Amino acid sequence: MKPFYNFQAAVVGGDSRQIAVAVAFIDLFKEVKLYGHPQVDIPDGVVPGLNWDELREASVILLPVSGMNDQGLIRSYRIDQPIDFGGLIPDLTPGTLIVTGVFTPKWLQIANELGLKVLQYAEDDELAILNSIPTAEGAVQLAMEELPVTIHGSRVIVIGLGRVGLTTARIFKSLNAHVIVSARKPGSLARAREMGCKGVPIKDLANCISKADIIINTVPALILDETLLVKVKPESVIIDLASPPGGTDFKAAEKLNLKAILAPGLPGKVAPKTAGKILASAIPKMIQQFFMDGGA
Ligand code: NAP
């Protein structure tokens, strides 16, 4: 079968989810090269990328969901050394499309100056909603591991009712926990009530936090500060699902001897196969849409 695009794609670093996307790329691109993975993991139809100089031949480069850090490093989970992608960026061909979950502002500016295009997909609704399923299941798993009591009958506070918060509140509710949703918008509090949960404005969290067995934050801003943490009972667990640094004052939690867990990247950890399928189905469509929209 003829590929949809007559150019090369490179998939760099990450875990098995990246390999799932590389396989989905086979029908889309003339050639797919996988960099930063051991030879045994290279699937049929994908070419091992052995020489970093050849990366500039790729017109599309896929980085992991977490992208690269400010130092320009990318994690590859089955090799020891991080990949210095930042060091390779100046050699890329202008016009190359970099596809990644998130790209830091610093590297976005550098990419712009070098004439590289960047497509960030972490905020894509389809992907975020589907990813919220393994994320919420991961929160259940953590809660079960950390607590000596059942979720059934436990008091759970879910902070934030966005894509992750909604799925998380639903899953704990379906396990017969007593779920309080804490959000800032009246509409979110109304939605919480519609779901059979109690809705509490974030500003009133102090009135109910001391009763919770499980506190799950999904808000990417500091919510669980020291003034709230002093009210948390010592035997409860805080699971912070918001991307690092999360929404918890972890230093204060440690000082207060509370169990507070920052839990990023749950889809890839608890359900790598499902998470890989979600990315493999969504990313090729996003790239096609990007090119259809003119690739700006
Ligand atoms: P989202 O749909 O944008 O929802 C974010 C929620 O946070 C909304 O309810 C929003 O409230 C609330 N919020 C934002 N800023 C706030 C503030 N300053 N004060 C009070 N509420 C605030 O995001 P999402 O897709 O649910 O993702 C939530 C977080 O989880 C993100 O950090 C995301 O990166 C992370 N995440 C983590 C994992 C994991 O494995 N741990 C997986 C997926 C996503 P409004 O509706 O009032 O604006």
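Find out how many positive minus negative residues lie around residue 162, taking Lys and Arg as positive, Asp and Glu as negative, among other residues whose Cβ is under 14 Å from that of residue 162. Charge balance near residue 162 sits at +2.
From least to most packed, judged by other beta carbons within 10 angstrom and beginning with the fewest, 150, 167, 218, 274 follow the order 150, 274, 167, 218. Taking the average, over residues, of other Cβ atoms within 10 Å as the packing measure, peptides 278-285, 15-22 rank 15-22, 278-285 from highest down.
Between residue 7 and residue 145, the contour length at 0.36 nm per residue exceeds the Cα-Cα span by 45.0 nm.
Sequentially through the stretch 117-128, phi angles give Karplus couplings (6.51, -1.76, 1.60; θ = phi - 60°) of 9, 10, 10, 9, 10, 4, 8, 5, 4, 4, 5, 5 Hz, Gly and Pro residues having no value and appearing as x. A simple charge model with +1 on the Cβ of Lys and Arg, -1 on the Cβ of Asp and Glu and nothing else charged puts the dipole of the chain at about 1140 debye relative to its Cα centre.
Taking 41 Å as R0, compute the FRET efficiency from the Cβ-Cβ separation of residue 259 and residue 93 and round it to 0.05. About 0.25, to the nearest 0.05. Between the Cα long axis of helix 16-25 and the first principal axis of the chain there is an angle of about 50°, rounded to the nearest 10. Taking 14 Å as the cut-off, the amide N atoms of the stretch 2-26 that come nearer than this to a point 7 Å along the Cα-to-beta-carbon line of residue 41 belong to 11-23. Suppose R0 equals 35 Å; then what is the FRET efficiency for residue 210 and residue 70 from their Cβ-Cβ distance, rounded to the nearest 0.05? That gives a FRET efficiency of 0.35. The angle between the Cα long axis of helix 272-292 and the main principal axis of the chain comes to about 60°, on a 0 to 90 degree scale. Rounded to the nearest 10 degrees, the inclination of helix 163-174 to the longest alpha-carbon principal axis of the chain is 50 degrees. Which one of 101, 127, 111 has its Cα pushed farthest toward the positive end of the charge dipole of the stretch 18-128, where Lys and Arg give +1 and Asp and Glu give -1 at the Cβ? Ranked along the dipole, the leading option is 111. Under 5 Å between amide hydrogens, built in the peptide plane, is the criterion, and for residue 262 it picks out 240 among residues at least 5 positions away or on other chains. Using a simple spin-label model with pseudo-atoms 7 Å out from Cα toward Cβ, residue 222 and residue 77 lie 3.2 nm apart.
None of the figures in this text is laboratory data; all of them are computed from the coordinates on show. Remember, it's a predicted structure, so these values are computed and weren't measured experimentally. So basically every Cβ, Gly included, is an ideal-geometry build from the backbone, and we count neighbours across all protein chains shown.
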